[in-house]
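Since the structure comes first, as structure tokens, the remarks are kept for the end.
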Amino acid sequence: MIIPETALWSLRDWRGAIEHLNNEKILSADIIETIVDNFMDQMAWKGYDTSDIVAEGQILHKTLTWSSNYNLKEQSC
């Protein structure tokens, strides 16, 4: 039986993958909130510790907000 690579990922790996998928997008605050909520729900379903999920969710929110603001400024230049 082959174990998928994602089965071995840490919570930080999952967060990084979501950041990578949205790295070059300009996202509204509502979209960012939805992405973070979905991430936290999925990680809870996978059985990660609640306090770790909240911490990674906060980091994800900050990084998506920062990259969206950066992309918006770069696009307007």
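The values are calculated or read from the model by the stated rules, or taken from the named source; none is laboratory data. This is a predicted model, so every value here is computed, not measured. Here Cβ is always computed from backbone atoms with ideal geometry, including for glycine, and neighbour counts include all displayed protein chains. SASA here: full protein model, heavy atoms, side chains in, ligands and nucleic acids out. Shrake-Rupley method; radii C 1.70, N 1.55, O 1.52, S 1.80 Å.
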(request) Using the structure shown, decide if D49 is of a type in the set (D, E, K, R) and surrounded by 11 or more Cβ atoms within 10 Å (Cβ to Cβ). (result) yes
(request) Could you tell me which numbered condition K25 fails, if it satisfies all but one of (1) without any contact (Cβ under 8 Å) to a residue 12 or more places away in the chain; (2) open to solvent by 80 Å² or more (accessible area, probe 1.4 Å); (3) under 30 Å from S76 (Cα atoms); (4) not acidic (D, E)? (result) (1)
(message) Among the numbered criteria (1) surrounded by 14 or more Cβ atoms within 10 Å (Cβ to Cβ); (2) part of a helix (DSSP H, G or I); (3) free of Cβ contacts under 8 Å to residues at least 40 places away in the same chain, which one does D30 miss?
(response) (1)
(request) Evaluate the following for A17: is it touching a Phe, Trp or Tyr at 6+ places or on another chain (Cβ under 8 Å), open to solvent by less than 70 Å² (accessible area, probe 1.4 Å), free of Cβ contacts under 8 Å to residues at least 12 places away in the same chain and assigned to a helix (DSSP H, G or I)? (result) yes
(message) Checking K62 against (1) in a helix (DSSP H, G or I); (2) of a type outside the set (F, W, Y); (3) open to solvent by less than 100 Å² (accessible area, probe 1.4 Å): exactly one of these is not met. Which one?
(response) (3)
